[in-house]
Amino acid sequence: MKLFTVEETNFMSYFDTSSRQALIRDMSNTPLNDFDDEMSEMLYRLIKRLENMTDEEFSQVSIMPDEYMD
């Protein structure tokens with residue numbers, strides 16, 4: 001089961017993905033005016049989803065730009 005779409009993993013790859021908490025913190029500290037409405041909504045949804053998952057679940061997620069994915 002895929003937890004995130006390719007677009008979502010691409011988006012998250014621009015942030016600190018060293019841990020779930022680091023990713024949430026980095027994404028939460030990003031000014032929303034840096035993004036259009038669609039990207040702001042994705043950021044909000046991703047933060048909520050990350051907050052609701054465990055560190056174990058996060059450790060199973062591969063976050064990298066799609067150019068590096070099979």
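Laboratory data are not the source of any read-out in this text; all were calculated from the coordinates shown. Everything quoted here is computed from the prediction, not taken from an experiment. Here Cβ is always computed from backbone atoms with ideal geometry, including for glycine, and neighbour counts include all displayed protein chains.
How much mean residue ellipticity at 222 nm does the chain get from its helices, if each DSSP H run of length 4 or more adds -39500 (n - 2.57) and you divide by all residues, to the nearest 500 deg cm²/dmol?
-14500 deg cm²/dmol
Could you give the size of the charge dipole of the chain about its Cα centre, using +1 on the Cβ of each K and R and -1 on the Cβ of each D and E, expressed in debye and rounded to the nearest 20?
Dipole of the chain, to the nearest 20 debye: 300 debye.
Applying the Karplus parametrisation 6.51 cos²θ - 1.76 cosθ + 1.60 with θ = phi - 60° to the phi angles of the stretch 3-13, what ³J(HN,Hα) value in whole Hz is obtained for each residue in order, glycine and proline being reported as x?
Values per residue, Gly and Pro as x: 8, 9, 6, 4, 4, 5, 5, 4, 4, 5, 5 Hz.
HN-Hα J couplings of the stretch 52-61 from phi, Karplus 6.51/-1.76/1.60, θ = phi - 60°, integer Hz, Gly and Pro as x?
In residue order, the calculated couplings are 8, 9, 8, 4, 4, 4, 4, 5, 8, 8 Hz.
Given points 7 Å out from each Cα along the Cα-Cβ axis, report the ASN29 to LEU3 separation in nanometres with one decimal.
If labels sit at ASN29 and LEU3, their model points lie 2.2 nm apart.
Based only on Cα atoms, what mean projected area does the convex hull of the chain have, in nm²?
4.7
For the chain, build the charge dipole from Cβ charges (+1 Lys, Arg; -1 Asp, Glu) around the Cα centre, then report which of ASN10, MET39, THR54 sits farthest towards its positive end.
Farthest along the dipole direction, towards plus: THR54.
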